[in-house]
Structures are given as structure tokens and as C-alpha cells.
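Shown next, in C-alpha cells, is the structure this report addresses.
The values are calculated or read from the model by the stated rules, or taken from the named source; none is laboratory data. None of these values were measured; they are calculated from a predicted model. All Cβ positions, glycine included, derive from the backbone under ideal geometry; neighbour counts span all protein chains shown. Heavy atoms of the whole protein, side chains included, go into the accessibility calculation; ligands, DNA and RNA do not. Shrake-Rupley method; radii C 1.70, N 1.55, O 1.52, S 1.80 Å.
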Amino acid sequence: PPANDAEWETLRQTFIRDVPGFQSGIALSAFKTMFYIEWSHRATGFVISLTFLVLAIVVFTKKALRAQIGKHILA
């Protein structure tokens, strides 16, 4: 995220220019709220994806664990 109000304003102007249908009259505080909602949504998705990847790597590298899980899936 931007560090100061000038960087926030630059980012807001970039959104107004580049995103079709973006509200040009949006207040900076509303823009910050929208930005942080989107940022937290993406960060949550990243953490979930990373967790799934780590668990998949652990399961597929441990032969005994893979066999044990396979029994439960096929049962």
C-alpha cells in the first residue's frame, strides 16, 4: 500500500484513468477502504493457496501418508 497521501492520490488517479466505470468522484477515504478490502481478499487467497500447496507437497512426498490417505479416499 502507498505510504502517504500523495501516493494514495496518485494511485486513485491511476484507477480513475485505467479502470473503466470507476467512479471519478470517489473520496480518498472511500478509495482507501476499497483498496484494503481488495488487498485483504487477495492476501487471504494467497495464504489459502500457499497452505494448500504446502500440504499437497507434504502428502505427496511422504509415501506412508499418501497410502494412508488413499485408503480413506477409496474406502
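Worth a mention:
- Tally, over the stretch 49-75, of residues that are among the β-branched types (Val, Ile, Thr) and at pLDDT below 80: 1
- Per the listing ALA56, ALA6, the residue uniquely under 24 Å from the mean Cα position of the chain (by Cα) and part of a helix (DSSP H, G or I) is ALA56.
- Meets criteria (among the basic types (Lys, Arg), in contact with a Phe, Trp or Tyr (Cβ under 7 Å, 6 or more places away or on another chain) and assigned to a helix (DSSP H, G or I)) for ARG66: yes
- On the stretch given as the stretch 34-75, residues that are aromatic (Phe, Trp, Tyr) and either farther than 22 Å from ALA6 by Cβ or touching a Lys or Arg at 6+ places or on another chain (Cβ under 7 Å) (or both) total 3.
- Scanning the stretch 34-43 for residues that are open to solvent by less than 80 Å² (accessible area, probe 1.4 Å) and either touching a strand residue (DSSP E or B) at 6+ places or on another chain (Cβ under 9 Å) or farther than 16 Å from ILE16 by Cβ (or both) yields SER40, ALA43.
- Contacts under 9 angstrom Cβ, first residue in the stretch 36-64 being more than 30 Å from LEU11 (Cβ to Cβ), partner of a type in the set (Val, Ile, Thr) and in a helix (DSSP H, G or I), 6 or more apart: VAL59/ILE69
- Unique residue being outside any helix (DSSP H, G or I), touching a Phe, Trp or Tyr at 6+ places or on another chain (Cβ under 8 Å) and under 30 Å from ALA3 (Cβ atoms) when the list is PHE31, PHE22, PHE15: PHE22
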